[in-house]
Structure formats: C-alpha cells, structure tokens
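Read the figures in this text as sums done on the coordinates, not as results from a lab. Here the structure is a predicted model, which is why all the values come from computation and not from measurement. So basically every Cβ, Gly included, is an ideal-geometry build from the backbone, and we count neighbours across all protein chains shown.
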Amino acid sequence: MALLNKKDSKLILDPLADNNPITIQVLGICSALAITAELKASVVMALSVLFVLSAGNVVISLLRNIIPSKIRIIVQLVVVAALVIIVDQVLKAFAYELSKTLSVFVGLIITNCIIMGRFEAFALGNGPKKAFLDGIGNALGYGVILVIVGFFRELLGSGTLFGFKVLGDPVTKTGLYSIGYENNGFMIIPPAALIVVGIIIWVQRSRNRALIEEA
Amino acid sequence: MLEHLELFFKSIFVDNMVFAVFLGMCSYLAVSKKVSTAVGLGAAVIFVLGVTVPLNWLLDQYLLKDGALVWLGPEYADYDLGFLSFILFIATIATMVQLVEIVVEKFSPSLYNSLGIFLPLIAVNCAILGGSLFMQTREIPNIGLAFNYGISSGIGWFLAILAIAAIREKIRYSNVPAPLRGLGITFIITGLMGIGFQSFGGMLTGDNEPPEEATKATVKTEKIEKEKEIKEEIEDEEKAVSYNEAINK
C-alpha cells in the first residue's frame, strides 16, 4: 500500500468486511442471488460490477459540480446504462454462452442499488480518485460475497468448481462419490442462495457483535 | 383468453418476481418492516409495471428489435438497435415515474400521500426494469399480454412484500438468535418462502415439459431446443417420405 495512504486504503478495505455492501448496507442483492448457482457466473458478474462501479463513480465524481441536483437520478441512470451496454456487448462478443446464462441480470446492473447508492452517497461529494477507490472497494465487497455464495452453491450442489469435477465423477462413482456422497440438489434451486447469504450474515455478526441489529 | 389466464397465474406464482428471480430485493428488504408501508410500495409497483411494460413493449416492437424499423421504409429493414434497449428502457421508466408522480399529485392528493414517497424509489427498483427485460427475452407476442405480464408480475411482487412484512411484524415477538436478528432472519425466511413457491412450479407446465428453471431464464435455449426438435421432426418426415417412395418403387 505504498501508493495509498491510510485513509485511502480504508476506502478499499472497509467495504470488504465491516461495511460490506451486501450484508451490512443491504444493497445490490437482486442480482447477487440469482446468478450464483455457478462460480464462473459469479466471478464474471463481480468483474462486471467492478468495472461499472469504478468507472461510473469516476464519471459521476467528475461531473458532480455540473449535474443539476433535480435531474441527477436520470443523469446517473444514463451513465450507468451506457457503461452496462459496454459490458453487455463485450460479454456477447467474447463469452456468448455465459452472457446467455446471465441473461437479463447484466442489464439489471443498471438498477443494482449498490451503484446508485454509491453514486448518491459518495461520488457526488468526493473527488475522482477517492470515488474510484470507493468504487473498487465496494465492488470487491460485493464480489467477495458473490464468490463465496457461488463457491458453496456450486461445490455442494453440483460437486464442481468452475465446471471442474473436484469431488470426483457422480456417474462413474469416483472420488468422494465412491463412498456414498451425494450432491445436494437443494443448493441449485434459487432460494438456497438466500439461505446461504443468511448464514454468511449470521457468521459475520456473531464474529463482530457490534453489527447486531436492535430487535 | 386461456393464454392470458395462464400468463397471469404463471407470473404471479411460478415466476414470482421475488421468489423465483430475486428482483426488487433491495426495496423488498428495506420497506418490509411494516405492513402499511409495504402495501403502499406494492401498489405503486403494480401500477408502474402496468404502465412501463406495455410502453417498453411498443418501443421494443417498433424501434429496437432486429428489423423493427421497417415501417420507416424498406431501406431501414437491416437495422438492429437491440443494444440500445437498456438505455431506452431505463429512460422510459424514469420519465414515466416522474410523469406518474406529477399526475397523481395533481389529481389525487390522497393517493399521492400514500404512494408519494415511494414513487421516486421505484425508478431504481430492479423489478421494474426486470419486468421490461424479461418481457423482451421471453418475446411476449402482443401488447395485451405485455400489459397482463406487467400487472400480474406486479401483483406477485405485492403478495411477496405483503407476506414478508406480516411475518416480520410477528417475528418481533420471537426469540431469534441475536446475530440473525433483522436482516439475517429475513433472508432465511425469504428463502423458505421461495422453496414453498417452488411447489407452484408444476402447476402450469404440461406433463411432458421439464419444470422451468427460472434463474437462468432458459427461454433462449428452449427456443434452440424447439428448433432442433422441429428440425428432427422434419428430418424424420423426410426419411419417412423417402422410405415411402422407396416402397412405392
């Protein structure tokens, strides 16, 4: 962290744990859950959000003194939509299969509350460098949760990671399957993602009791 | 009529916005602490979905689709403006929400007071944009069905937020483990409700069709499969024809 002073590195590190956008700020859950059945999709989604959020934060922060506050939401939406179109076209060109799996959820990055939330809360009041770091930090915090959920759902649900059969082959009964292990089909269905995130929140809050909500 | 009914129940139960595709989760979690506010937001979502989905359907049909510009003249038939759909859809939604807000404020102050604070929130509710995007990928054939789709997915969302708000009001009296309180338990309850809603999955699919995987929005792959089937059928028929011809000879 030679390039960054303490304050700046805090901008990146804070959202990774104690101010995580998903588990603490409750932002950007919509897309986080639907595409995490596979690790690959989660990673691509996290990278897309990383690009959109960091670039968008910089753009908004550069424009912050020009945007009239009454129409700022529309300006923000246009900036995000333009960035998301870039991501979508790149995915369609270089990873067509994956873009089909992600389907509408790439488009839904536009309305991902993380992005609007960070624009409103940070980029409108801070300079471009800080805004960039804040974007990176929050997108990483989002990505970490996505990857954790994707990891467990793919490992327990299909016995694979990135499509590699890490637990052996369920058909020919090799590896773990030879001693009677079964895939948990429950992890594949969409509601499992909610429960996994619920458990992550549980673990995080029992480790850091300051985060517990008042009843 | 039958297809309207089918789409109606399917969008409410099988493809429920919250439980099957997790759209609008942010406001679903943030505004579900009390039943009365949840009802207000839910009603606003139904309303805005009912307006924006048919509008975006028109945009898609006459502006964005591959070859949609043909009404301007034959030389425009090759244009595919599909890549613009995100920006146009979100612009429609943002302007419609503004417009609805102004109209409601002018003509029905009482409704405005109950919905008012939620309307601006709705522009960035993923359920609204999601409704339009799903309308596009599922290739809904006409504007009546698009309207139906908007309204019924709105009703599905309304039911979901109503249910969770009622549960959250009751759960205050329960002894939830401290780290799970608030957000954590809401996630888990929503997950359980989602599993419950999965049981609607078999309701409208025929005997031979596999249950739909709502997460992946398999519409496109299904289409490809259907095309394959049709091709195979055609090939079979061709084989049969040539076989018959051979016999006749």
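One table, with the values for the structure above:
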quantity	calculated
Shielding score for B:86-93, defined as the mean number of other chain Cβ atoms within 10 Å	5
Dipole of segment A:84-192, positive direction: furthest Cα of A:G163, A:Y181, A:L91, with charges on the beta-carbon	A:L91
Number of partner chain Cβ atoms within 10 Å, mean per residue of A:108-116	6
A:K129/A:F164 FRET efficiency (R0 35 Å; Cβ-Cβ; nearest 0.05)	0.35
Packing rank of B:71-79, B:43-51, where each peptide gets the mean count of other beta carbons within 10 Å, highest leading	B:43-51, B:71-79
Fully extended contour minus Cα-Cα distance, from A:A93 to A:R209, at 0.36 nm per residue	37.2 nm
Cα centroid of segment B:12-29 to Cα centroid of segment A:50-72, whole Å	29 Å
Distance in nm between pseudo-label sites at B:V70 and A:T172 (7 Å out along the Cβ direction from Cα)	5.1 nm
By average C-beta atoms within 10 angstrom, highest first, the peptides A:127-140, B:96-109	A:127-140, B:96-109
Within a Gaussian network of chain A (alpha carbon springs, distance under 10 Å), most fluctuating of A:I60, A:I12, A:I195	A:I195
Projected-area mean, the protein assembly as shown, by convex hull of Cα positions, square nanometres	30.5 nm²
The protein assembly as shown - mean residue ellipticity at 222 nm from DSSP helices (-39,500 (n - 2.57) per run, n ≥ 4, rounded to 500)	-20500 deg cm²/dmol
Exposure proxy ranking, count of Cβ atoms within 10 Å, fewest first, for B:I143, A:I114, A:I188	B:I143, A:I188, A:I114
Label-point separation in nm, B:L162 to B:F9, each point 7 Å along Cα→Cβ	1.9 nm
Pairs beyond 22 Å (Cα-Cα), from A:K92/A:K130; A:K70/B:K65; A:K40/A:K92	A:K92/A:K130; A:K70/B:K65
Ordering of B:179-190, B:128-139 by packing [mean C-beta count within 10 Å, highest first]	B:128-139, B:179-190
Cα pair distances of chain A binned at 10 Å [whole percent]	8, 30, 32, 21, 7, 2, 0
Check: segment A:17-206 dipole with +1 on Lys, Arg Cβ and -1 on Asp, Glu Cβ, in debye	440 debye
Gained length - B:L2 relative to B:D80, 0.36 nm times residue gap less alpha-carbon distance	24.8 nm
Additional length obtainable on full extension of the chain from B:R172 to B:N142, 0.36 nm per residue less Cα span	6.2 nm
Dipole of the protein assembly as shown [Lys/Arg +1, Asp/Glu -1 at C-beta], most positive-end residue of B:F197, A:I67, B:L99	A:I67
At R0 = 22 Å, FRET efficiency that the Cβ-Cβ distance of B:A43 and B:K106 yields, to 0.05	0.75
